[in-house]
Amino acid sequence: ARANDGIFSFHTATDASLSEAMRFDSSGNVGIGTASPSSYYSDNLVVSAPSEGGITLASTNTTNGNYLAFADGTSGDARYRGLVGYNHNVDSLLFYSAGAERMRINSSGNVGIGTTSPSTALEVSGAVTVTRSDVANDNSSISNEGGLFTISAATGGGGGTYPMLFKTAGSERMR
């Protein structure tokens, strides 16, 4: 360990020299694999590697999980208003916002939004709206609100009305 001008660093030794492995800079930022953590946007902790790198949160498969939490307080769900976690008991990747689980990818690869037990590739509990936005002035949408399934095709910006097409196996079946 070395201290110099408000910088505290840890070094590893080889036969010929010392190499800096970790640095605490004068602002309190920590760099692992970088001597300038303050150069990054989120600079409190920067882990840098020349090719592949990362951070591993390890535990046994008998624990509930590992989490990266975003807090705005120290009690209740303020401790984890946003969270990305992995539950080892059920092998699921969890995503939280506003202190509640919003999305889960389970051990089968099924994605659940608004449900903690998705049984299909994508299961959504609640209203769903799909809007096509890849064409200028096209506001076609498919939605399911209140148990009512609705398909709508809005009038285009050029004044014309777009037809509503129904296709199966790539062939038009109804217009």
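The values are calculated or read from the model by the stated rules, or taken from the named source; none is laboratory data. Remember, predicted model here, so these are calculated numbers, not experimental data. The area values use the complete protein model at the heavy-atom level, side chains included, leaving out ligands, DNA and RNA. Shrake-Rupley method; radii C 1.70, N 1.55, O 1.52, S 1.80 Å.
Observations
- The reciprocal of the average 1/r between distinct C-alpha atoms defines the Kirkwood hydrodynamic radius, which for the range 58-98 equals 10.6 Å.
- Extension gain, ILE105 back to ALA69 (0.36 nm per residue minus Cα-Cα distance, nm): 11.2 nm
- Rg and Dmax, both from the Cα atoms of the range 1-59 and both in Å, are 12.4, 38.
- The phi-based Karplus calculation (6.51 cos²θ - 1.76 cosθ + 1.60; θ = phi - 60°) puts the 3J(HN,Hα) values of the range 101-112 at 5, 10, 8, 9, 10, 8, 5, 8, x, 6, 9, x Hz, whole numbers, x for Gly and Pro.
- Exposure check, 1.4 Å probe, all protein chains in place: SER75 carries approximately 80 Å² of accessible surface.
- Sequence-distant residues sharing a close amide H with VAL128 (under 5 Å, placed H): ASN144
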